[in-house]
Every structure is written in C-alpha cells, then in structure tokens.
Amino acid sequence: MQFDLYERPALLFGLVFVVFLALSSVVAIAPALDAQEKYEPLPASEPLSPKAAHGLRVYIAEGCPVCHTQQVRSLAMDSQWGRPTVAADYARLRGMSWWQETPGVLGSERVGPDLSNIGKRQPSEAWQLIHLFNPRAVSPWSVMPRFRELFTVDAEPPAGSVVVPVPQRFAPAEGKVVATERALALVAYLASLKQAPLGQPSQVNTAPSIVTGTGAGLYAVNCAACHQPTGEGVPATFPPLKGDPLVNAADATAHIATVLHGAEGRVIGGVKYPITMPPFGDQLDDEQIAAIVNHERTSWGNHVSTVTASDVARVRKGAAP
Amino acid sequence: MDPQLRSKLTRRPLAVAKAAIDELIDDDHGLTTLVFAYLVSAAWWLVFGTLVGLYLSLKFVWPELDGVSWLSFGRLRPIHTNTVFWGWSSHGMVGLAYYVVPRTCRRRLYSYRLGWVALGLMSASVLAGDLCLAAGISNGAQEYRELVWPVMLMFASGLALTLYNFYRTVVGRTTREIYISNWYVLGALIWTLTLITISYLPFYQRGFGETVIQGYYMHQGVGMWFTPMVLGLTYYFLPKFLNKPIYSYSLGVLAFWTQMFFYTMIGSHHFLYSPLPWWLQTVAILFSIGMIVPVVAGTANFLLTMRGSGHALRSSYAVPFLLVGVVYYFVGSMQGSFEALRSLNLLWHFSSYTVGHSHITMYGFVSFLIWGGAYGLLPRLSGREAPHLSIGIHFWLAFIGLMIYGVSLSVGGTLQGLSWKHGEPFQNSVVLMAPYWLWRAVGGTLMFGSHLLFGFNMWHMLPGRTPALPEPLTQEPARAI
Ligand code: HEM
Ligand code: HEM
C-alpha cells in the first residue's frame, strides 16, 4: 500500500488532530493537573473572607489585571514587590461560579505596580478609597482610571456609611463621597493581598537596589503615595513633611517613633487630618527606617542632623511617645 | 522652487495606475454573497474594534477622558482584543477560506446554508461577548479567554460547522492531492477547536493549574489559529495574484509540520521566571528558537515566489499588502524568538514592548494578509473595484501608522524595562512612557483612518445588480494553481 497521506483527508487531518492532542497533553493538561494537585496553600496564608471574595469578583469584572500583575518573578529587579511568588500562593483560587473560570490574577502587563503584597505595602483603607475614587488625587502622574461608579455622593450620608476623605480639589462641589458595598469589598480584597511567609528563605539574589537600599528609594515606595515625592503632602488629606516642625526638630525621637508606630488625630500646622498614618515598624528594619528618616531630614529644604540605625533601635525599644 | 521640478511634481499622478481586474472568475452567486457577508462583518468589527483601540490609546494620554463604568479601561481593553480577534481577523480569514477551499478542491462548497449559520453564530458571539464585557461579566481567566463559556461555545460551534463544511468539501474534491492551503485551513480549525475545548474545561484549572493552561492557550490562540489560517490563504492568493506556481511545495510541507510540532510547545514562554516548572519554561524557550525553521521556510517560500514579479508589485494593489504581511511575519516572529530568551524577556516582559509585538504580528502580519486577499479577490467576485487612490491611501496610512505604533512601543517598552531593571521608583516608568504612549495614539489614529477607508472600499466592491465590468467570463481556464 502506498503512503498517500496528502490524498486521504481522514488520515491527514486525523494525524493533525492526534499529534496536537498528544503534544497538548504533555505541555498543558498533564502539568496543569500536576500543579492543581501538588500545591497546597501555604500554612501561614488565610482563605479570603466572604467580603474579600466579593472584592475579587469586582477586581475581575473591572479588569484590574490588565494593568496590574500579581506575580513577583524570581529576579532581583522584582524584589521591591515582595518575595518571589510560588505556585502555592495561588492554590486557594477556585472557579468563581459555574460559568466562570478560576480567576487569572497573574497578569501580563505592568502598567501599574505589582499588587501581590499591596495589603502590606499600603494598608490604609482611606488611601485605597481615595485612590479608587480618583487616582490623581494621590498620584498626580497616574494613568489609572477613576472608578466613580464604586461611590455615591450623598448630602447627608446615613449613619454607618464610609465617607471617603477626598482631597478638596477632586471632591464634588456638593455632598460627601460615600463608598459603596463593591468599593469596600474591593478594598477588603486588596487588604488581603499579603504574601504569607515561606518558611525557608528564598533563593533569590536580593542585592539592595535603589528602591530597597537608599533613603530616597525607600521613601518613594513606602511614603510618597501619601506625603508625595515633593514632600508637600496633599492639602487637608496628608500632611507635608517639607518644613514640618516635627521632621525638622533637632531631636529625632518623635520623628522615628511616628514612622515606627504610625500616628493619628494630631493637629499639624493647624490642620487635623482625617486619615491615620500606618505603622512601619514591622515592615522596615532599623537600617531602612534610618535611611528614610535621614532622607526626610535632608530633602526639600529640610536641613537637620541625621540619625543612625542604632538611634532607631533605641526608639524601637523604648515606649511610644 | 526649480520650475522644472515643480512641473514634474504637479504632473505626477497621485496614484499610480494599477491594472484593472482582467477577468471575473466565478459566477457562483451564492458563494459570492456568502464571502461578502463574512467580509462585510469583518470590516464592521475592524472599524468598531479599533475605534475602541484608539479610544484606549487616548486614555493613556488623558486618563480622565471619562468616568463611565462601561467605558473604563479594564472593561474596554478586552472588548478591543476580543473584537479584533474573533470579530475582525476570524471573520475575515474564515470568509476568504469559504472561497479558497472549494476553489482549490475544484468543486462547489458542500453547504451554503451551514456557511450562513456559522456566520450567524460567530457574529452573535462577538456581539454577546462585547456586551458581557461591557457589563463586567468576564470569565475571570486571563487574556483572550475573557469571554464566558456560553459565548465562546457559540463561537466554537461556528468554527465546528465551518470545519465540517470544509471537510466535506475536501472529501468531495476533484483534484487528486489536497492542496496545501487546505492543510493549513482545516488544520487551524481542528487545532483551535481542540484548544478552546482544553482551555475551557475546568477539571485541571484549580489554583496554579489555570496559569499552566493560560500560557498554553494564549500562544496557541495566535499560533495555531491566526498564523496557520492566514498562511494557508496566502499559499493560495500569492501564486494566484502573481499567476505562477508557489516556489517550492516541499518547503511548504516542511513549514507545516514544524509549525505544528514547535508552536504547540512554546506557550509557557509567556510565564518565564514564574512558578511554572523550570523544564516547561526551558522547553518553551528551545522551541521558540526552533520556530525559526518554519518561519524562515515560510517566508523564503513566499519571497522566492515573488522574486522576479516586481511588475506585479507595481501594477497590483493587492500584492503590496501581501508583501508587507509576509515581511512582518518574519520580523514579528524573529522578534518573538528573541523575546523568549530569558535574558531579554526579563527586560521586556510586563512592558509595553510586548504590546508592540502583538500589533506587529496581529496587524502587520495577519491583518495585512487579510486585506491583500480581500482586495485581490473581492473585485474578481463582484466585478466592482474600489477607487485605486483610496486603496493606496489605506495601504500607506496602515503601513506608516503601524510603523509609528511599533517603533514607539519598542523603544518605550525597552526603556520601561531598563528603568525597572535599574531599580528606579515605579513612577519613573510611567512618566517616561508619556511621549511613547502619545506617539502610539498618533500611529493608532492613522491606522484607524485606514480602516474607515477599508470600509469605504468594501462598499465600492459590493456586488451590484449591474456589474461594473463586461460580462463575467464563464469559467476561468483550468490552470495549475
Ligand atoms: C516564532 C514565532 C513567535 C515567537 C517565538 C513569539 C514569542 C512571543 C513571546 C515570548 C511573547 C511573550 C512576551 C512576554 O509576555 O514576555 C509573545 C507575545 C505575543 N505574541 Fe508572539 N511570538 C511569535 C510569533 C507571533 C505571531 C505570528 C503572532 C500573531 C499571529 C504573535 C502574537 C503574540 C501576541 C498577541 C502576544 C501577546 C500575548 C499577551 O501577553 O497578551 N506572536 N510572543
Ligand atoms: C487603530 C488601530 C489600533 C489601536 C489604536 C490599538 C490600540 C491598542 C491599545 C491601546 C491596546 C492596549 C495596550 C496596553 O494595555 O498597553 C491594545 C491591545 C491589543 N491590541 Fe490593539 N489597537 C489597534 C488595532 C489592533 C488590531 C487590528 C489588532 C489585531 C488584529 C489588535 C490587537 C491587539 C492585541 C492582541 C492587544 C493585546 C496586547 C497585549 O496584551 O500584548 N489591535 N491595542
């Protein structure tokens, strides 16, 4: 019998189908099954609360993953976003409903920052809400869309509603901005994005880069979202550090303590701020806090003495002022 | 200005006279209407989908453009990609294939009715998909898999009917061998149906399983659907328009089989340095380099077929589109092979560079070949031509627009990656992109203008009640393809 493949459609297209299916089983189905079965959630991780699970659905519906990844590569250049992600980090994700697949949150483009660890990096609910209402209120350079439909404007917000302290320039002329259920769920989801510890240290080279190793870089990542790269803050929302008496005090104890433990309810320059300043003592080591504090004390026209890591360690041991 | 030069310039015609179509090849009215129906909807989805694309590109320049929920970037972006994928490119390719498959089998299409039903299913799925995405109803999975399965099932049913229709046509062919175009076209349909099935079944997609499938899906979508489909069509149109046989049949055979073996393996290059098994990533990289074989074989075959046909290039308005498409097939794929190398991927991954690659390939390669096929074929079917000038302007606007689009994002994307690599604050990478995103919008405006002209030209080519050209010739003399 002659092997006339190109004259026998059943043979030709049967072959085309079978080979493709076989190759697909090797590179897709088998590894997917393996990944699904092998990886258990990390012991230190927590399942999403019902509210945060609702938030994940908002996150998918609004298409946040088209601009935000949740995937820290095992590369030094990614280290500012957290530790490298492992397969187990995604093990809790499930199909969202009978007509929806497992949510794909890894993303493929970083128009905005990676969000794997945003719950740790930006724990302030108020900041998140202002940012969603209008990203340019806190990041004037941002290209992120505003999500106006996640908020209502109410002249007399009912008791128990969450009023968003939107900076005046971006606030509606009349009434107060109130976060909807969907907005609060979304923010709860963002707050839940905290990388669980791995148990063993990761293998990656995390040589300090500009953002993880210098005061200016650390300030840009941890503080600029609120106090702004210019140190000028946002009027009536986040206080300026430029020319601020506490930052410019000769004794840096109060300055260091504020960064370690956060602050709320102070009257600064005659203004009472509606938002709390989150504590950073758990996330940054003494070296890093000293670098940030020194950056603040010597930038934007501030000009006072600098501190060392041992000064920070001393304040860390003592009680909060 | 030198008067002699001026008179030269003023006398120079705006459009070079191109040969009018010299023959009408078919008077199969049913097939003509069917093919036109596909291409008219393709043209509509192109205009709509790229209007959305243009709007998206403006949002990078003016993020405050609107505050309407269903116009928000995260919802519109998948509307753009799904419309140009399943609407424009798929309708265009399938429509042309409805002509090419029966033609190369030398018999009538098996069933016209099924062809119309398939068109209805495909169009309805694009419409339903866009409405769902605008309403925030999304599958949850990543790119090009945003449509929920009931919608995708409609689309897949359209493809399945088309496959059945084509298969029956091939079985009843009057030629001895199955022409190479048909391997590609039917192969693409078989692969894509398998791909959609595998990628939508949920049984292995819990947790990280979803990501494994996503890498596989994302690249097979472009690599086992659009690529083989337009290549198959080009194996017919290029020799046809040049009126000579393809340079080498064996090169085509080599390209076909290596395409299937290599392309299937490379999906994981979308997730380099991710928690995907390291061996899977390495396999993907090796075969991404291996892809040079089918790409060079395919490109060389087409270019060698074109060699010595400079005359056709000057005198036909369809062949320049084909030439650009073939060149971009080569350029985009080579770019892809480099992008898959770990040392370069770490720079370009996540950056706008990849978006540039997507358009260099899906636009420069796939869309140009569809336009070439349409401009060459449709006048022969309807006997009506579009004004040569507006076809020429379409060509140049699309070509220059894509050039601006591709160069700005390649340069900008590289700088973006370098900024991340140097560990600069994230803000820098957004701020530095501003001029490149602006240039992308400028290029996009030219491209969109060209699509309006394509719509206008389509309208001119529509079959009228009175043919614009003399009596159709009864049958084209049989000729080796
Ligand atoms: C030799 C052939 C090719 C290779 C090796 C290749 C390689 C790649 C790689 C490595 C990426 C991922 C970039 C990243 O995210 O880091 C990519 C993305 C992409 N490629 Fe290709 N490419 C090839 C040909 C093509 C062709 C012919 C098309 C279109 C028909 C195409 C369309 C795309 C699209 C649309 C994406 C973006 C996927 C996404 O992230 O949404 N590629 N390609
Ligand atoms: C007027 C012409 C077009 C414009 C202005 C345009 C604009 C855009 C924009 C702004 C994006 C989002 C990029 C981002 O998130 O950074 C995009 C994505 C995309 N577009 Fe277009 N587009 C056009 C035509 C097309 C056509 C005709 C196709 C396919 C045939 C296409 C395929 C894609 C793909 C595959 C993506 C996803 C890219 C990726 O994830 O890597 N576009 N386009």
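Which of the residues belonging to region B:164-192 are open to solvent by 10 Å² or more (accessible area, probe 1.4 Å), assigned to a helix (DSSP H, G or I) and within 9 Å of chain A (Cβ to nearest Cβ)? Give the steps one after another, and end with the answer.
Going residue by residue through region B:164-192, those that are open to solvent by 10 Å² or more (accessible area, probe 1.4 Å) are B:164, B:167-168, B:171-177, B:179, B:190.
Checking which are assigned to a helix (DSSP H, G or I) leaves us with B:164, B:167-168, B:171, B:190.
B:Tyr167, B:Val171, B:Ile190, listed by residue number.
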Exercise. Only one of (1) part of a helix (DSSP H, G or I); (2) closer than 26 Å to A:Arg182 by Cα fails for B:Leu121. Which number is that?
Worked result: (2)
Problem set entry | A:Leu115 closer than 16 Å to A:Val66 by Cβ, more than 16 Å from ligand 1 (Cβ to nearest atom) and touching a residue at least 24 places away in the same chain (Cβ under 8 Å) | yes
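Evaluate the following for B:Thr299: is it in a helix (DSSP H, G or I) and modelled with pLDDT of 95 or more?
So B:Thr299 fits the description; yes.
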Problem set entry | B:Gly356 vs. criteria more than 30 Å from B:Leu438 (Cα to Cα) and within 13 Å of ligand 1 (Cβ to nearest atom) | no
Seminar exercise, completed: How many residues of region A:77-91 are within 7 Å of another protein chain (Cβ to nearest Cβ) and open to solvent by 30 Å² or more (accessible area, probe 1.4 Å)? The answer is 1
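Kindly establish whether B:Tyr405 is surrounded by fewer than 24 Cβ atoms within 10 Å (Cβ to Cβ), within 16 Å of ligand 1 (Cβ to nearest atom) and more than 14 Å from chain A (Cβ to nearest Cβ). First the steps, then the outcome.
Values: surrounded by fewer than 24 Cβ atoms within 10 Å (Cβ to Cβ): no; within 16 Å of ligand 1 (Cβ to nearest atom): yes; more than 14 Å from chain A (Cβ to nearest Cβ): yes.
No; evaluated as a whole, the condition is false for this residue.
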Seminar exercise, completed: Inside region B:76-110, the number of residues satisfying the requirement of being in a helix (DSSP H, G or I) and more than 30 Å from B:Cys132 (Cα to Cα) is 7
For this session: Take B:Arg113 and decide whether it is of a type in the set (D, E, K, R), under 13 Å from B:Leu161 (Cβ atoms) and assigned to a helix (DSSP H, G or I).
Result: yes
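Pull up region A:233-264, narrow it to residues that are in contact with a strand residue (DSSP E or B) (Cβ under 8 Å, 6 or more places away or on another chain) and not in a helix (DSSP H, G or I), then point me to the one that is nearest to A:Gly301 (Cα to Cα).
We begin by selecting, within region A:233-264, every residue in contact with a strand residue (DSSP E or B) (Cβ under 8 Å, 6 or more places away or on another chain); these are A:236, A:239, A:244, A:246, A:258, A:262-264.
Then drop every residue that is not not in a helix (DSSP H, G or I), which leaves A:236, A:239, A:244, A:246, A:262-264.
Values: A:Ala236: 21, A:Pro239: 16, A:Asp244: 11, A:Leu246: 14, A:Gly262: 24, A:Ala263: 24, A:Glu264: 25 Å.
Only one residue fits best here, namely A:Asp244.
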Problem set entry | Long-range neighbours under 6 Å by Cβ, at least six apart or interchain, first residue within 14 Å of chain A (Cβ to nearest Cβ) within region B:227-238, second within 16 Å of ligand 2 (Cβ to nearest atom) | B:Pro228/B:Ala188; B:Met229/B:Met93; B:Met229/B:Ala188
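Condition check ((1) within 16 Å of ligand 2 (Cβ to nearest atom); (2) without any contact (Cβ under 8 Å) to a residue 60 or more places away in the chain; (3) not β-branched (Val, Ile, Thr)) across all residues:
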position: A:Ala44; (1), (2), (3): no, no, yes
position: A:Lys51; (1), (2), (3): no, no, yes
position: A:Val66; (1), (2), (3): yes, yes, no
position: A:Ser74; (1), (2), (3): no, no, yes
position: A:Val86; (1), (2), (3): no, no, no
position: A:Leu93; (1), (2), (3): no, yes, yes
position: A:Thr102; (1), (2), (3): no, yes, no
position: A:Ser108; (1), (2), (3): yes, yes, yes
Exercise. How many of the residues making up region B:346-377 are open to solvent by 10 Å² or more (accessible area, probe 1.4 Å), within 14 Å of chain A (Cβ to nearest Cβ) and in contact (Cβ under 8 Å) with a residue 60 or more places away in the chain?
Worked result: 5
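Quick one: which of B:Asp26, B:Asp22 is surrounded by fewer than 17 Cβ atoms within 10 Å (Cβ to Cβ), at pLDDT below 95 and more than 15 Å from ligand 2 (Cβ to nearest atom)?
Answer to the selection: B:Asp22.
The values are calculated or read from the model by the stated rules, or taken from the named source; none is laboratory data. Keep in mind that what you see is a predicted model, and the values were worked out from it rather than measured. Reconstructed Cβ throughout: ideal geometry from the backbone, glycine too, with neighbour counts over all protein chains shown. Calculation scope for accessible area: heavy atoms of the full protein, side chains included, ligands and nucleic acids excluded. Shrake-Rupley method; radii C 1.70, N 1.55, O 1.52, S 1.80 Å.
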